[in-house]
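The structure appears right after this line, and notes come after that.
The values are calculated or read from the model by the stated rules, or taken from the named source; none is laboratory data. Keep in mind the model is a prediction, meaning the values are calculated, not measured. Every residue, glycine among them, receives a Cβ derived from its backbone with ideal geometry; neighbour counts consider all protein chains shown. To get the accessible areas, we keep the full protein, side chains included, count just its heavy atoms, and leave off ligands, DNA and RNA. Shrake-Rupley method; radii C 1.70, N 1.55, O 1.52, S 1.80 Å.
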Amino acid sequence: MKFKVNSKYIVVFLLFCCGWLSYSQERTIIVIKNPLNVDREFETVELFKNKLDLEPSDILENFRIRELGTTEFLVSQCVDENGDGISDVLLFQPKIKALATNKYELVENSDAKTTDPIIYCYSRFVPERTDDYAWENNKVAFRTYGPIAQKMVEDKIKGGTLTSGIDAWLKRVEYPVINKWYEKYTTGTGTYHKDTGEGLDNFHVGDSRGIGGVAVKVDSTYYFSKNFTTWKTVTTGPIRTSFVLTYADWDAAGNKITEVKHICLDYGSFLSKFEIDITGTNKLSTGITLHNNDGKTEGNLKAGWIDYWQPIDDSELGTGIVFPNKTLISFEKYINPKKDLCNLYALLKVKNNKVVYYTGFGWKKQGEFTTKEAWENYLSQFASKINNPLIIKIKE
């Protein structure tokens with residue numbers, strides 16, 4: 001039996017195939033492998049524009065991410081890391097099963113109609129409360145203090161704060177609270193030191209390291225900086241907030257120390273990432289306050305974390321710090337007659353004038369960590385994940 005084939009259909013078919021092949025070849029495919037036998041989520045993938053085979057004129061905000069074979073776009077965020085006014089990094093958070101490999105595609109979709117996502121990951125300078133810098137995501141919130149607050153203390157003016165320690169705001173709602181709580185303060189309509197259902201600030205810092213402040217130990221004494229002197233917000237959004245704090249040079253028993261903190265907090269994480277640029281020392285300590293020293297300290301040198309589980313008012317609180325592989329040298333429970341100087345310290349290696357760690361807390365009233373064991377399991381898994389990151393390959 002013979003079939004008569006119209007040549008014009010062959011041409012159309014070939015053109016269709018060529019067009020489809022051209023489209024498939026132009027797509028950028030992101031292959032992500034999970035090397036751990038545990039499900040992964042709330043981990044941020046960073047796609048750098050210069051690795052995505054895009055044209056210099058391409059606008060990163062016009063591109064979206066979706067899992068291969070699906071039509072729904074994932075929440076993403078563009079970041080201008082180098083401060084030139086042009087976004088150079090695209091962020092998103094995949095969900096990947098244990099030992100699984102998922103594929104995603106980068107799609108140019110400038111006309112997509114999407115609902116603007118809530119900016120859960122938020123930070124800002126707070127001049128209306130002296131000069132705090134505060135940051136939060138959907139789980140936790142923090143703040144630290146600027147030069148005006150320092151000068152007020154030095155000039156013996158009431159209301160100042162002198163510390164480079166990190167404060168914790170214990171929130172128990174998913175939505176942002178920083179602006180709402182500061183508005184209470186500035187309008188006199190309430191106080192963030194009282195829990196009315198959203199949480200509160202009942203975490204004392206003083207001269208302590210709070211949660212993740214740094215110090216340099218010389219002989220048996222710990223030295224540390226004063227308040228930050230300058231700040232710069234890099235990004236806020238649905239996935240990440242990040243910013244930079246600079247400190248005046250400080251002295252550690254004759255050693256001149258320079259310190260710059262690059263801090264970011266991602267959606268779903270209870271820990272902020274601290275990347276410290278440091279000179280003047282080859283070892284740096286970071287600590288968590290022991291408050292009344294009525295809790296339990298713990299540390300795992302091999303896994304790379306320290307923590308403190310303590311009573312706080314009518315609840316309990318876990319604080320902790322996690323470290324990348326082969327950076328934690330030792331840890332010590334440091335007790336001093338002055339209460340605020342009592343800290344659980346971790347001693348870290350400085351590599352190429354840099355130290356990286358992750359620090360934060362879990363509040364029992366928030367609901368996800370009701371026991372010390374649950375909090376320490378989170379720290380242990382967090383350490384395992386940062387030391388066994390998602391494996392990312394980009395295919396054009």
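In the stretch 207-226, of all residues being touching a residue at least 40 places away in the same chain (Cβ under 8 Å) and assigned to a loop (DSSP other than H, G, I, E, B), the one that is most open to solvent (accessible area, probe 1.4 Å) corresponds to LYS226. Take the conditions (1) open to solvent by 70 Å² or more (accessible area, probe 1.4 Å); (2) over 17 Å from LYS283 (Cα atoms); (3) under 18 Å from the mean Cα position of the chain (by Cα); THR319 misses just one of them, which is (1).
Figure legend. Inter-residue proximity from the stretch 331-348: first residues over 16 Å from VAL214 (Cβ atoms), second residues of a type in the set (A, V, I, L, M) and open to solvent by 40 Å² or more (accessible area, probe 1.4 Å), beta-carbon distance below 8 Å, spacing 6+ or different chains. Indicated pairs: CYS342/ILE335. Applying the criterion of being in contact with a Pro (Cβ under 8 Å, 6 or more places away or on another chain) and assigned to a strand (DSSP E or B) to the residues of the stretch 99-158, the residue that is most open to solvent (accessible area, probe 1.4 Å) is TYR122. When ASP277, ASP251 are checked against the criterion of being in contact with an Asp or Glu (Cβ under 8 Å, 6 or more places away or on another chain) and among the acidic types (Asp, Glu), ASP277 stands alone in meeting it.
Among residues of the stretch 282-315 being part of a strand (DSSP E or B) and among the charged types (D, E, K, R), the one that is nearest to PRO337 (Cα to Cα) is LYS296.
Within the stretch 347-379, can you find the residues that are within 22 Å of ASN137 (Cβ to Cβ) and either over 17 Å from the mean Cα position of the chain (by Cα) or loosely packed, with under 14 Cβ neighbours inside 10 Å (or both)? Listed by number, the residues that qualify are TRP363, LYS364, LYS365, GLN366, GLY367, GLU368, PHE369, THR370, ALA374, TRP375, GLU376, ASN377.
Yes/no matrix, rows are residues, columns are (1) at pLDDT below 95; (2) assigned to a helix (DSSP H, G or I); (3) closer than 22 Å to GLN93 by Cα:
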residue	(1), (2), (3)
LEU344	no, no, no
TYR357	no, no, yes
GLY360	no, no, yes
THR370	no, no, no
ALA374	no, yes, no
LEU379	no, yes, yes
PHE382	no, yes, yes
PRO389	no, no, yes
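Using the structure shown, decide if THR289 is within 30 Å of LYS194 (Cα to Cα) and either crowded, with 24+ Cβ neighbours inside 10 Å or basic (Lys, Arg) (or both). Considered against the rule, which asks whether it is within 30 Å of LYS194 (Cα to Cα) and either crowded, with 24+ Cβ neighbours inside 10 Å or basic (Lys, Arg) (or both), THR289 comes out as yes. Within the stretch 227-267, the residues that satisfy the criterion of being open to solvent by less than 10 Å² (accessible area, probe 1.4 Å) and not in a strand (DSSP E or B) are ASN227, ILE239.
Cβ-Cβ distances below 6 Å connect the following pairs, each with a first residue in the stretch 295-306 that is farther than 9 Å from VAL322 by Cα and of a type outside the set (Gly, Ala, Ser), a second residue that is open to solvent by less than 60 Å² (accessible area, probe 1.4 Å) and assigned to a strand (DSSP E or B), and a separation of six or more residues or different chains: LYS296/TRP309; THR297/TYR308; THR297/LEU344; GLU298/ASP307. Could we say that LYS8 is out of contact with any Leu (no Cβ under 6 Å at 6 or more places or on another chain), part of a loop (DSSP other than H, G, I, E, B), open to solvent by 80 Å² or more (accessible area, probe 1.4 Å) and at pLDDT below 50 here? Spelling it out, it is not the case that LYS8 is out of contact with any Leu (no Cβ under 6 Å at 6 or more places or on another chain), part of a loop (DSSP other than H, G, I, E, B), open to solvent by 80 Å² or more (accessible area, probe 1.4 Å) and at pLDDT below 50.
The single condition from (1) touching a strand residue (DSSP E or B) at 6+ places or on another chain (Cβ under 8 Å); (2) without any contact (Cβ under 8 Å) to a residue 12 or more places away in the chain that THR236 fails is (2). The residue that is surrounded by the fewest Cβ atoms within 10 Å (Cβ to Cβ), counting only those in the stretch 331-342 that are part of a loop (DSSP other than H, G, I, E, B) and out of contact with any helix residue (DSSP H, G or I) (no Cβ under 9 Å at 6 or more places or on another chain), is PRO337. Restricting the stretch 20-55 to residues that are in a helix (DSSP H, G or I) and open to solvent by less than 40 Å² (accessible area, probe 1.4 Å) leaves a set whose member that is modelled with the highest pLDDT is LYS49.
Just to verify a result, which residue in the stretch 270-286, among those that are of a type in the set (S, T, N, Q) and open to solvent by less than 10 Å² (accessible area, probe 1.4 Å), is farthest from LYS151 (Cα to Cα)? Out of the qualifying residues, it is SER272. Across the stretch 191-206, the number of residues qualifying as open to solvent by 20 Å² or more (accessible area, probe 1.4 Å) and acidic (Asp, Glu) comes to 1. Exactly one residue out of THR196, THR163, THR186 is touching a helix residue (DSSP H, G or I) at 6+ places or on another chain (Cβ under 7 Å) and either at pLDDT 95 or above or not hydrophobic (A, V, I, L, M, F, W, C) (or both): that is THR186. Scanning the stretch 37-62 for residues that are in contact with a strand residue (DSSP E or B) (Cβ under 6 Å, 6 or more places away or on another chain) and within 21 Å of ASP266 (Cα to Cα) gives ARG40, THR44, VAL45, GLU46, LEU47, PHE48, LEU60, GLU61.
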